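Inspection log for the structure reproduced underneath, given as structure tokens.
The values are calculated or read from the model by the stated rules, or taken from the named source; none is laboratory data. Every value quoted in this text rests on a predicted model; they were computed, and no experiment measured them. Glycine also receives a Cβ, built like all others from the backbone with ideal geometry; neighbour counts cover every protein chain displayed. SASA here: full protein model, heavy atoms, side chains in, ligands and nucleic acids out. Shrake-Rupley method; radii C 1.70, N 1.55, O 1.52, S 1.80 Å.
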Amino acid sequence: MDSLKNLLQQKNCKDVVVLTGAGISAESGIKTFRDSNGLWEDHAIEDIASPEGFYKDPEMVHRFYNLRRAQLQDVYPNPAHTALSDLEKIVDNFTLITQNVDDLHERGGSQNVLHMHGELKKIFCLKTGKVDYFEGDVMSEEFSFVRPDIVWFGEAIKYSTEIQKAFENCDLYLCIGTSNNVYPAAGFVQAAKMKNALCIELNLEATALSHQYDLNFYGPATEIVTQFVDLFR
Ligand code: OAD
């Protein structure tokens, strides 16, 4: 990490874009998609997290998201989340893009968070087209006319304009705790490279796209993300 500190000082990185995935919340007790083998109660995750799955069985889909929303009450931000909120205060420009639908970044103090795959605590009304903040359970009488404001398989990501803008002057890109399996997020490293940004992957282990990064650090997020942010202090 010492040589990295020198490199960061040389490059004087000030415009930072961070992408996080399920790995950053794993040590808070939220299972990653890979941990659950892509299954929930024997249902393939694609059957739950897809418009087709919802129209076929809205009750099952709402039960799944009700449980995940309820779980938020029992989990807390970990030191990796809070380290990123510190980094946001240290550098000049900072955008945190997350694929996570939990609220641990916000509860860890982050301000500028783009939930590209939506949020558990938001609900979309199919009658009015309105998105509302939501806590608690969706009840059976509402099953067919509200849906979680979550981006499902086959749907467009949220905040694509803001994300594109974030990369315009990016000089440091950090990819944290994601398997890099799902596009377009997996392709952000290419957007960063086009800007000559330093690209760093922080993950428990190597991913299919590790070779695309300038540097890779492997270990639990609570250790490697905190160590990394300490280099800026
Ligand atoms: P995955 O479950 O695919 O990958 C989790 C990644 O986190 C893996 O690369 C693990 O090695 C890493 N990991 C696990 N524990 C970690 C720890 N303690 N510290 C650091 N890294 C750790 O989750 P995502 O990449 O987030 O999309 O999945 C991306 C998207 O695929 C999700 O947002 C979801 C899913 O289909 C939608 O729901 C649209």
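Overview of values
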| quantity | calculated |
| --- | --- |
| Tally of residues being in a helix (DSSP H, G or I) and either out of contact with any His (no Cβ under 9 Å at 6 or more places or on another chain) or open to solvent by 10 Å² or more (accessible area, probe 1.4 Å) (or both) across segment 76-92 | 9 |
| Strands (runs of 3 or more DSSP E) wholly inside segment 93-175 containing at least 3 residues that are outside the structural domain of PHE54 (by TED's automatic domain parsing) and closer than 24 Å to GLN227 by Cα | 93-98 |
| PHE228 being open to solvent by less than 60 Å² (accessible area, probe 1.4 Å) and at pLDDT below 95 | no |
| In segment 11-33, the residues that are outside any loop (DSSP other than H, G, I, E, B), open to solvent by 20 Å² or more (accessible area, probe 1.4 Å) and more than 8 Å from the ligand (Cβ to nearest atom) | LYS11, ASP15 |
| Matching entry among SER36, SER50, SER3 (being surrounded by 17 or more Cβ atoms within 10 Å (Cβ to Cβ) and either within 11 Å of the ligand (Cβ to nearest atom) or of a type in the set (S, T, N, Q) (or both)) | SER50 |
| Scope segment 168-199; condition small (Gly, Ala, Ser) and farther than 13 Å from VAL17 by Cα; matching residues | GLY177, SER179, ALA186, GLY187 |
| Members of segment 179-197 that are aliphatic (A, V, I, L, M), surrounded by fewer than 21 Cβ atoms within 10 Å (Cβ to Cβ) and in contact (Cβ under 8 Å) with a residue 40 or more places away in the chain | VAL182 |
| Any hit, segment 169-189, residues being away from the ligand (no atom under 14 Å from the Cβ) and among the β-branched types (Val, Ile, Thr) | no |
| Flag for GLN99 being among the polar types (S, T, N, Q), open to solvent by less than 40 Å² (accessible area, probe 1.4 Å) and out of contact with any Cys (no Cβ under 6 Å at 6 or more places or on another chain) | yes |
| Segment 110-126 - residue that is under 15 Å from the mean Cα position of the chain (by Cα) and of a type in the set (A, V, I, L, M) and, of those, surrounded by the fewest Cβ atoms within 10 Å (Cβ to Cβ) | LEU114 |
| Residues of segment 210-223 satisfying the condition of being open to solvent by 20 Å² or more (accessible area, probe 1.4 Å) and over 18 Å from LEU7 (Cα atoms) | HIS211, GLN212, TYR218, PRO220, THR222, GLU223 |
| Pick from segment 146-162, criterion under 13 Å from the mean Cα position of the chain (by Cα) and among the β-branched types (Val, Ile, Thr), ranking: nearest to the ligand (Cβ to nearest atom) | VAL151 |
| Single residue of segment 53-67 satisfying the filter (surrounded by fewer than 17 Cβ atoms within 10 Å (Cβ to Cβ) and in contact (Cβ under 8 Å) with a residue 40 or more places away in the chain) that is nearest to the ligand (Cβ to nearest atom) | ASN66 |
| Hey, PRO148 buried (at least 21 other Cβ atoms within 10 Å of the Cβ) and of a type outside the set (Asp, Glu) or not | yes |
